There are 2 protein chains.
Amino acid sequence: MSYSDSLSKTLEALGATEGSRMSVVKNGRTYVGTLMPHHEFSAEDVLILKMKSGYNVGIRVTDDTTVEMLEAPAAPVRREEPVETREGLPRLVLIGTGGTIASYVDYRTGAVHPALSTSDMINAVPEIREIANIDATVLFSIFSENMNVENWQRLAEEVAAQINAGADGIIIPHGTDTMGYTAAALSFMLGDVSKPVVLVGAQRSSDRPSSDASSNLMACARFCTGADRAGVYVVMHDTTGDDSFAVHIGSRVRKMHTSRRDAFHSINAAPVAHIDASGAMEVSADGPRVGSAEVVARTGMERACALLQYYPGMDPALFEDVFMRCRGIVISGSGLGHVNSNMIPLIKRACDNGTVVVMTSQCLNGRTNLNVYNTGRDILSAGAITVLDMLPETAYVKLMWVLANTSSVEEAREMMMTPLAGEMSDRRTVDV
Amino acid sequence: MSYSDSLSKTLEALGATEGSRMSVVKNGRTYVGTLMPHHEFSAEDVLILKMKSGYNVGIRVTDDTTVEMLEAPAAPVRREEPVETREGLPRLVLIGTGGTIASYVDYRTGAVHPALSTSDMINAVPEIREIANIDATVLFSIFSENMNVENWQRLAEEVAAQINAGADGIIIPHGTDTMGYTAAALSFMLGDVSKPVVLVGAQRSSDRPSSDASSNLMACARFCTGADRAGVYVVMHDTTGDDSFAVHIGSRVRKMHTSRRDAFHSINAAPVAHIDASGAMEVSADGPRVGSAEVVARTGMERACALLQYYPGMDPALFEDVFMRCRGIVISGSGLGHVNSNMIPLIKRACDNGTVVVMTSQCLNGRTNLNVYNTGRDILSAGAITVLDMLPETAYVKLMWVLANTSSVEEAREMMMTPLAGEMSDRRTVDV
């Protein structure tokens, strides 16, 4: 349960496990509740009890604290609900990948299930059944900082297979750490996918009263069934409140806060839709409509790519390997897409080598332009390209995909500078 | 003047130079004005004329365009204004470093002076004389993407010398690309500096009617003379309008847009002050007050440091040199400060080697916490440290400074986790 060594020993001695009914006395007050695992935002010597109210309390266990076990955990009473298919409702498929959103607590026992089962997550949001028939499958169960290129590929294949087997929309619960990268990867791999494919995370796990898992899921289902939009999206809370959700273009979204529930922002683009808790939905006028075309997943990715941030004092000698061994490099430069002059010879050597070097901006917002200052023009002369208002992270994912889809450096450069999945503005429309 | 080859040849043949009076006929319209250098946001075949109104027009020179020179440039009529010192006013010193803000156009001749002279910039903002006596010096004139560690050191020494020689405040016009990094460097190098040291940039050069150079400078002077705040700050427009300025803590500010005039944001901290165009100023209650202590610049910086962004698919083999050759590494991890598990052995080898590895978050907003998930705990076990809500860029600059100021790895780690210049929240106040 991840408690401190000393607290773990105390609990072990009592025979207390997750779900045990406990009594804790501290400073003259008695707390009775169900023992929960270590709470993610509290210290390891703080014992967590789930109270009758459903809320958790944390009690720091010190020498003057009395801990007692009242009752062993009840045997889990989990039923696989018979899934009743309702005629006439769209069919959504939930593909589990892991992350905070997939942590599910059985409130009757207090036990935490780290991965969602077919019915767990749907049971947590019963109202979802009123607007769609839901099937669910668990593809993997990993924290998203460990998502890798193989996971993206496997996921894209599964999405394509499910859509081709009749799904009207796909919901992908995902850890938030790298959800933006995965959304970008699916955007390119799935091309002009004919149905909505929506990634969704939670910033608070389901055992917390403040969890955003259920409400985010419900917003996904509403978007998938009511918006008539195809493509890859991310749905998350739009504000710190409970009542507003934003739908972001998968190639334009970035996690901009470590913990707030409205952590995800569209960058250099407006969200495609806003949804409120009542289900009212405002969808932007433009965007691909739902169709019926078969989905082809093009999952090839060139691994020899890297993403670097420029910083003053950056020593080109340290990055020799990156520049000489990669086929593609994205640099988030300063301002309009700059690096210090002493980096330019290394960029030139890489470009001369056939490596595609792409300049983006660490400002994130706005667009690159290497024609303004001398440094920029020198970077262009060295052979680098620039990709307007594309996010550095999206540019990195796109570059891997592009380099797997052409062996021509010229074509790769041209593809990088051409919008393929809503990831950038069109040069023809933004030039002054 | 940076025009295209063909346009340059046309101008040369006419004997036209910057400041020449020109007549251009295109599509039946005649434009008469003063020839300006190539405009930063237009194509190289667009000729720029400054019209009588003061506004620039750009005319694309094609085969059907007639270009004529009417008059050679007037001899520059620039006077070094006799600088009159007014009794009783504070003395500010302006230390020029270069950048867009230091581009100055003499409107009488149209000629561009790439570096500001002692009186140029002050003459551009005559009202500044009413609140302070201004001296100015040009330390260097470079675009800020080329600012390096030596420039930071030289600048910190100059600031200290000027304050110790009696300056009541320092204004540093600076290119915006790396102004945040320089502000962080000065924050640590100048320690508890007893006067205000304010960096200021411009997103539009002074030859554009929309330039923010003068108004930003005036806001600096107001802050330096009216706020009773010591320390290192950045002053920039607070909104896209003309009438609001924000004063950011030097170690908490980041350029968040490539071109907007309100590009600079305080991250994980509120601005110290807001100033409006009338000079009304709202200053936060807390913060160091102006004093009279002598300033000691501690300018030592360990160069063997690097800043890396984590991304899915990051190949540890490519970064072997960085991890093995650096004494300090800052990683902007995903979410709460994570990397993929396959990076952890490399982090461990570096830490075992005596390298200080610091985890920050690429979310920028919010704070790291490696105690929540297993990955985080593994990163801590490998020997990395985390620095709460410190910006990755500030952490990199601070790490260079810390490693030059102690030879003890333990002390360096402790210094990194202790607020020294307002760059992070205090662990003791943010723990739950």
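The values are calculated or read from the model by the stated rules, or taken from the named source; none is laboratory data. From a predicted model like this one, the values you see are computed outputs, not experimental measurements. Cβ sites come from the backbone with ideal geometry, for glycine too, and all protein chains shown count toward neighbours.
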Point to revise | B:G366 vs. criteria at pLDDT 95 or above, surrounded by fewer than 16 Cβ atoms within 10 Å (Cβ to Cβ) and of a type outside the set (A, V, I, L, M, F, W, C) | key: no
Point to revise | Matching residues in segment A:157-173 - criterion: being over 15 Å from A:V247 (Cα atoms) and either within 14 Å of chain B (Cβ to nearest Cβ) or in contact with a strand residue (DSSP E or B) (Cβ under 7 Å, 6 or more places away or on another chain) (or both) | key: A:E158, A:V159, A:Q162, A:I163, A:G166, A:A167, A:D168
Review point. Any idea which of B:M424, B:M343, B:M390 is among the aliphatic types (A, V, I, L, M) and over 22 Å from the mean Cα position of the chain (by Cα)?
Key: B:M343
Point to revise | Total residues in segment B:231-290, condition of a type in the set (S, T, Y), modelled with pLDDT under 95 and in contact with a helix residue (DSSP H, G or I) (Cβ under 8 Å, 6 or more places away or on another chain) | key: 0
**Study point:** Matching residues in segment A:6-41 - criterion: being assigned to a strand (DSSP E or B) and either surrounded by 20 or more Cβ atoms within 10 Å (Cβ to Cβ) or not β-branched (V, I, T) (or both)
**Key:** A:R21, A:M22, A:S23, A:K26, A:R29, A:Y31, A:G33, A:T34, A:L35, A:M36
Point to revise | Close pairs (9 angstrom Cβ cut-off, 6 or more residues apart or separate chains): in the same structural domain as B:T394 (by TED's automatic domain parsing) in segment B:176-193, at pLDDT below 95 and crowded, with 24+ Cβ neighbours inside 10 Å anywhere | key: none
Exercise for review: Being assigned to a loop (DSSP other than H, G, I, E, B) and crowded, with 21+ Cβ neighbours inside 10 Å is the filter here, so list the residues in segment B:269-282 that pass it.
Suggested key: B:P271, B:V272
Check your understanding: Among all residue pairs at least 6 apart or on different chains, which show Cβ distances below 7 Å where the first residue, located in segment B:31-45, is among the aromatic types (F, W, Y) and the second is modelled with pLDDT of 85 or more?
Key -> B:Y31/B:V24; B:Y31/B:L49; B:Y31/B:I59
Check your understanding: For the subset of segment A:157-196 comprising residues that are at pLDDT below 95 and under 19 Å from B:G313 (Cα atoms), which member is surrounded by the fewest Cβ atoms within 10 Å (Cβ to Cβ)?
Key -> A:G175
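To keep it simple, each residue is scored yes or no on (1) more than 27 Å from the chain's Cα centre (by Cα); (2) among the aromatic types (F, W, Y); (3) modelled with pLDDT of 65 or more.
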residue: B:T66; (1), (2), (3): yes, no, yes
residue: B:P76; (1), (2), (3): yes, no, no
residue: B:E80; (1), (2), (3): yes, no, no
residue: B:T100; (1), (2), (3): no, no, no
residue: B:H113; (1), (2), (3): no, no, no
residue: B:M121; (1), (2), (3): no, no, yes
residue: B:I142; (1), (2), (3): no, no, yes
residue: B:M147; (1), (2), (3): no, no, yes
residue: B:Q153; (1), (2), (3): no, no, yes
Practice item. Give the residues of segment B:1-33 that are basic (K, R) and under 37 Å from the mean Cα position of the chain (by Cα), sorted by residue number. Key: B:K9, B:R21
Exercise for review: Kindly provide the set of residues from segment B:263-313 that are acidic (D, E) and more than 30 Å from B:E130 (Cα to Cα), ordered by number.
Suggested key: B:E302
Revision key, fill the gap. Counted residues in segment B:34-46 being over 29 Å from the mean Cα position of the chain (by Cα) and either modelled with pLDDT of 90 or more or among the charged types (D, E, K, R) (or both) come to 1
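Results for (1) within 14 Å of another protein chain (Cβ to nearest Cβ); (2) touching a residue at least 40 places away in the same chain (Cβ under 8 Å); (3) not hydroxyl-bearing (S, T, Y), shown as yes or no for each residue.
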position	(1), (2), (3)
A:F223	no, yes, yes
A:G241	no, no, yes
A:S244	no, no, no
A:S251	no, yes, no
A:M256	yes, no, yes
A:D262	yes, no, yes
A:P271	no, no, yes
Review point. Is there a residue being within 13 Å of chain A (Cβ to nearest Cβ) and not in a helix (DSSP H, G or I) anywhere in segment B:283-298?
Key: no
Point to revise | Output for segment B:408-432, where each listed residue is more than 25 Å from B:I344 (Cα to Cα) and more than 14 Å from chain A (Cβ to nearest Cβ) | key: B:P419, B:L420, B:A421, B:G422, B:E423, B:D426, B:T429
